[in-house]
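Remarks on the structure that follows.
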Amino acid sequence: MMTEHTLGTITVTQVGIVVQDIEAKARAWAEVLGLPVPEIMITDTYERAQTEYNGKPSNARAKLAFFHLGQVDLELIEPVGKPSTWQDQLDEHGDSLHHIAFEIKGMSEKVAYLEAKGLPLVQRGEYPGGRYAYINGNAQLGAILELLEND
């Protein structure tokens with residue numbers, strides 16, 4: 001039973017992995033899964049994405065590739081520009097799991113709820129049709145949570 005103070009969902013929509021070389025990892029995943037290599041795109045500049053890292057504007061960008069695997073997308077992320085939570089993860093752990101994402105409604109309320117539970121906002125930004133927030137759950141949960149809100 002969910003209360004008004006939960007994320008509002010328990011459905012995972014995405015698993016994100018940071019990688020040093022997105023082209024090589026996209027080919028490797030495609031071969032293992034028997035799928036075509038997905039298009040690699042790059043996130044918007046600060047002017048459009050309004051990216052913030054630890055509460056400050058950031059020129060962080062990333063190359064992204066998505067494998068659509070039913071309910072869950074597998075997202076490959078190669079950091080471009082700093083500072084970012086993506087680059088931190090890559091520097092500290094190499095190619096590795098970065099986040100587990102949930103699609104939510106009410107971004108500011110959900111971020112406040114998680115911060116009150118000791119899970120701080122580390123990065124946020126805009127994308128065409130919505131916004132994202134990365135919540136640092138490494139200490140309590142062993143992973144970063146990503147909140148995705150689509151308009």
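The values are calculated or read from the model by the stated rules, or taken from the named source; none is laboratory data. It should be emphasised that the depicted structure is a prediction, and the values quoted were computed from it without experimental measurement. Quick reminder, even Gly has a Cβ in these numbers, built from the backbone with ideal geometry, and neighbours come from all protein chains shown. SASA here: full protein model, heavy atoms, side chains in, ligands and nucleic acids out. Shrake-Rupley method; radii C 1.70, N 1.55, O 1.52, S 1.80 Å.
For Gly94, the conditions (1) of a type in the set (Gly, Ala, Ser); (2) farther than 21 Å from Ala143 by Cα; (3) loosely packed, with under 11 Cβ neighbours inside 10 Å are fulfilled apart from (2). Just one of (1) more than 15 Å from the chain's Cα centre (by Cα); (2) open to solvent by 20 Å² or more (accessible area, probe 1.4 Å); (3) of a type outside the set (Asp, Glu) fails for Arg131. It is (1). If you go through the range 122-151 and keep only what is part of a strand (DSSP E or B) and either without any contact (Cβ under 8 Å) to a residue 40 or more places away in the chain or over 24 Å from Leu76 (Cα atoms) (or both), you end up with Gly130, Arg131, Tyr132, Ala133, Ile135.
Looking at (1) of a type outside the set (Gly, Ala, Ser); (2) under 24 Å from Glu149 (Cα atoms); (3) in contact (Cβ under 8 Å) with a residue 60 or more places away in the chain, find the lone condition where Glu47 falls short. Unmet for Glu47, out of (1) of a type outside the set (Gly, Ala, Ser); (2) under 24 Å from Glu149 (Cα atoms); (3) in contact (Cβ under 8 Å) with a residue 60 or more places away in the chain: (3). In summary, Asp88 fulfils each of the numbered conditions (1) open to solvent by less than 70 Å² (accessible area, probe 1.4 Å); (2) in contact with a helix residue (DSSP H, G or I) (Cβ under 8 Å, 6 or more places away or on another chain); (3) without any contact (Cβ under 8 Å) to a residue 12 or more places away in the chain with the single exception of condition (2). Residue by residue through the range 53-77, note down the ones that are in contact with a helix residue (DSSP H, G or I) (Cβ under 7 Å, 6 or more places away or on another chain) and surrounded by fewer than 16 Cβ atoms within 10 Å (Cβ to Cβ). The answer is Pro57, Asn59. In the set (1) farther than 19 Å from Ile22 by Cβ; (2) open to solvent by 70 Å² or more (accessible area, probe 1.4 Å); (3) in contact (Cβ under 8 Å) with a residue 40 or more places away in the chain, Glu109 fails one condition alone, (3). Of all residues in the range 58-73, one or more are part of a strand (DSSP E or B), in contact with a Gly (Cβ under 6 Å, 6 or more places away or on another chain) and more than 16 Å from Gln14 (Cα to Cα). Among residues belonging to the range 21-52 that are of a type outside the set (A, V, I, L, M, F, W, C), more than 13 Å from the chain's Cα centre (by Cα) and closer than 24 Å to Arg124 by Cβ, point out the one that is most open to solvent (accessible area, probe 1.4 Å). Taking the candidates together, the pick is Arg48.
Residue count for the range 1-20 satisfying the condition of being open to solvent by less than 70 Å² (accessible area, probe 1.4 Å) and in contact with a strand residue (DSSP E or B) (Cβ under 9 Å, 6 or more places away or on another chain): 12. Taking first residues from the range 1-21 that are modelled with pLDDT under 95 and partners that are of a type in the set (Ser, Thr, Tyr), the Cβ contacts under 6 Å between residues at least 6 apart in sequence or on separate chains come to His5/Tyr113. Val80 satisfies every condition listed in (1) open to solvent by less than 70 Å² (accessible area, probe 1.4 Å); (2) of a type outside the set (Lys, Arg); (3) touching a residue at least 40 places away in the same chain (Cβ under 8 Å); (4) closer than 23 Å to Glu23 by Cα except (3).
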